[in-house]
Amino acid sequence: VTTSIGVSELNKLKQNKSFNENYTSDFVDGYVYNYIGLNMRPDGIKHKKFFVDKRVRRAMAYLTPVDEIIKVFKYGQATRQVAQLSPLKENYNHSLELIPLDIEKAKELLEEAGWRDTDGDNIRDKMVDGKKIQFSFNLNYMTGKVETKEMALMIQESMYKAGIDAKPTPMDFKIFYNRAYKHDFDAMIGAW
């Protein structure tokens, strides 16, 4: 009947006797993934140079609570992957390791990249192009699904533990992707 239905919706259906008598259902991996996109080509004015250093990008990975997101929002019915290529494909690189949630490792990488809290406000800062900037950025996400907003809040909470202010910023689909294509964003939660 369908190959795409939300996890919570299917779980509800599976509790219905009539559904189970008339349909077979299961969770299977599909060719879809969620990701956080980081702007590595910011203009330096509207969008600051937060993610130009690979140590910072790696720190962002260590600060993203992927396993908790899967547990809470996908009811454990999702598989982590290390790249945009599906593990179902034969040329997927299975030797790459998943990056765990590790706040302390993220803090080390941010320190190495020069991001420190020099003014005691619990938000890291750094001199970039002669100006002191706070590590405070917009984390764009598409409106429409409550779980996406909740994911953004979970990510925000995790990043704050390392002195980063990720500000969840909702926007509709058209504006979201228009800004993504124009590199008019700091970071974004997307799906493909």
Any hit, the range 3-10, residues being over 28 Å from Ile103 (Cα atoms), part of a helix (DSSP H, G or I) and in contact (Cβ under 8 Å) with a residue 40 or more places away in the chain: yes
Residue that is farthest from Val7 (Cα to Cα) [pool: residues in the range 134-176 that are among the charged types (D, E, K, R) and not in a loop (DSSP other than H, G, I, E, B)]: Asp165
Verdict on Leu85 being surrounded by 10 or more Cβ atoms within 10 Å (Cβ to Cβ), in contact (Cβ under 8 Å) with a residue 40 or more places away in the chain and not β-branched (Val, Ile, Thr): no
Tyr62, sole failed condition from (1) of a type in the set (Ser, Thr, Tyr); (2) surrounded by 11 or more Cβ atoms within 10 Å (Cβ to Cβ); (3) not in a helix (DSSP H, G or I): (3)
Residue tally, condition surrounded by 17 or more Cβ atoms within 10 Å (Cβ to Cβ) and assigned to a loop (DSSP other than H, G, I, E, B), over the range 65-76: 1
Whichever residue in the range 119-133 is within 16 Å of Phe50 (Cβ to Cβ) and part of a loop (DSSP other than H, G, I, E, B) and, among such residues, is farthest from the chain's Cα centre (by Cα): Asp129
The range 23-58, subset among the basic types (Lys, Arg) and not in a helix (DSSP H, G or I), residue nearest to Glu112 (Cα to Cα): Lys49
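Residue by residue, here is whether (1) open to solvent by 40 Å² or more (accessible area, probe 1.4 Å); (2) of a type outside the set (A, V, I, L, M); (3) in contact with a Pro (Cβ under 6 Å, 6 or more places away or on another chain) holds:
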{"position": "Leu110", "(1), (2), (3)": "no, no, no"}
{"position": "Gly114", "(1), (2), (3)": "no, yes, no"}
{"position": "Arg124", "(1), (2), (3)": "no, yes, no"}
{"position": "Phe137", "(1), (2), (3)": "no, yes, no"}
{"position": "Thr143", "(1), (2), (3)": "yes, yes, yes"}
{"position": "Lys149", "(1), (2), (3)": "yes, yes, no"}
{"position": "Lys161", "(1), (2), (3)": "yes, yes, no"}
{"position": "Lys174", "(1), (2), (3)": "yes, yes, no"}
{"position": "Ile189", "(1), (2), (3)": "no, no, no"}
Neighbours by Cβ (under 8 Å, 6+ apart or cross-chain): first from the range 42-54, within 16 Å of Lys182 (Cα to Cα) and open to solvent by 80 Å² or more (accessible area, probe 1.4 Å); second modelled with pLDDT of 95 or more and not aromatic (Phe, Trp, Tyr): Lys46/Asp184
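Results for (1) at pLDDT below 95; (2) more than 23 Å from Ala152 (Cα to Cα); (3) aliphatic (A, V, I, L, M), shown as yes or no for each residue.
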position	(1), (2), (3)
Asn20	yes, yes, no
Leu38	no, no, yes
Phe50	no, no, no
Tyr62	no, no, no
Val66	no, no, yes
Ala78	yes, no, yes
Gln81	yes, no, no
Leu85	yes, yes, yes
Asp102	no, no, no
Leu10, sole failed condition from (1) open to solvent by less than 50 Å² (accessible area, probe 1.4 Å); (2) within 30 Å of Ile164 (Cβ to Cβ): (2)
Residue in the range 14-29 that is within 21 Å of the chain's Cα centre (by Cα) and open to solvent by 40 Å² or more (accessible area, probe 1.4 Å) present: yes
Condition met for Thr169 (loosely packed, with under 14 Cβ neighbours inside 10 Å, within 16 Å of the chain's Cα centre (by Cα) and hydroxyl-bearing (Ser, Thr, Tyr)): no
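The values are calculated or read from the model by the stated rules, or taken from the named source; none is laboratory data. Since we're looking at a predicted model, the values are computed, not measured. A quick note on method: Cβ atoms are made from the backbone with ideal geometry, for glycine too, and the neighbour counts reach across all protein chains shown. Just so you know, the surface numbers come from the protein's heavy atoms only, side chains and all, with ligands and any DNA or RNA stripped out. Shrake-Rupley method; radii C 1.70, N 1.55, O 1.52, S 1.80 Å.
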